[in-house]
Every structure is written in C-alpha cells, then in structure tokens.
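Notes follow the structure.
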C-alpha cells in the first residue's frame, strides 16, 4: 500500500513509524536531513564529521523508536539528540584528527576566500558568547525553534530560555558594534 505523508505532522509520522510504516521514517528523514546537517555544520569545523553526526542522529531515532514517547514535539526530540551528540563531540575534542577531517580542513582553506566578511564577523562574535547562551541563540535564530522547543531540548524553563536569549542577543550586539 502506498501512503502519502505530505499532510501529516512530524508527530503523526513518528507514531506511524513506531507502528512499522517505513515510509513515515523516510518522510521525517527527508524533512530534517538538511536542517540537522546544518545544525552540526554550524557547530563543527569539519563537514564530513557533521555528515557523520547527522547519520548518527537519525540512527539514534531508528534504534530508539519503540521507546519514543510524545512528551514534546518530534522536532524537540530530534534536536535533543543532536544536542547530546554535539556535547559528546566536544568532550572528545582531544581525540586524534581523522584522515577525512584533514581533507576537509584543506578544502576549507581553499573556500575561505568565499566566506563573506559579515559571516566571518558574526561567526567570530558568536565565538565570544558563553556556550550556553550561544546554543540558545543558535537554536532560535538558525534552527528556528520556538521558546518551548528550546526549553524542551535544553531541559530548562521557558523563562530561562527567554532571559538567556535576551542576554545572548545583547552580548552579540555588543560584539558586533564598531569600536569608537
């Protein structure tokens, strides 16, 4: 039986997948492959590693689908997995650089001239923010998560998300202001 999932919500699709509908997972993967890759790419220096973590994220969904409970949106659940993978990656910061990452860094050096000046300024300014503030800002601005979704992903109250986001935006503005 061919089913079309275009009109189904993410939450409906994950529940369909729990019941054995493989096409439901394919639809979720198609919806979120690029956003999740972008999530990792903005946080990691190596495109190949971002791709690997994207695959690991969806593999975690596959492996844990029967334990999934719709306490929050599927999107929050997925970004929660991604946050955990990034945290684990940061803990492994001292590991050996893999051969594919060496290739990526050579390619990145060749593409450095293509980066816009504004993008470089913003990236540098983001680097000066506290990690928790930077993560909240990136989840809101780049991933377009709602305050409630960010609160679910980071397991904190919505008001804390609001205040940290306000603080992060103010700090970013100060970093981007020209020196007089």
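The values are calculated or read from the model by the stated rules, or taken from the named source; none is laboratory data. Values in this document were obtained by computation on a predicted structure and should not be read as measured data. So basically every Cβ, Gly included, is an ideal-geometry build from the backbone, and we count neighbours across all protein chains shown.
Listed values, structure above:
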{"read-out": "Residue tally, condition more than 11 Å from the chain's Cα centre (by Cα) and either in contact (Cβ under 8 Å) with a residue 24 or more places away in the chain or not in a helix (DSSP H, G or I) (or both), over segment 64-76", "value": "9"}
{"read-out": "Residue tally, condition part of a helix (DSSP H, G or I) and crowded, with 16+ Cβ neighbours inside 10 Å, over segment 30-47", "value": "10"}
{"read-out": "Cβ pairs under 8 Å, 6+ apart, first in segment 110-135 and at pLDDT 75 or above, second loosely packed, with under 11 Cβ neighbours inside 10 Å", "value": "134/127"}
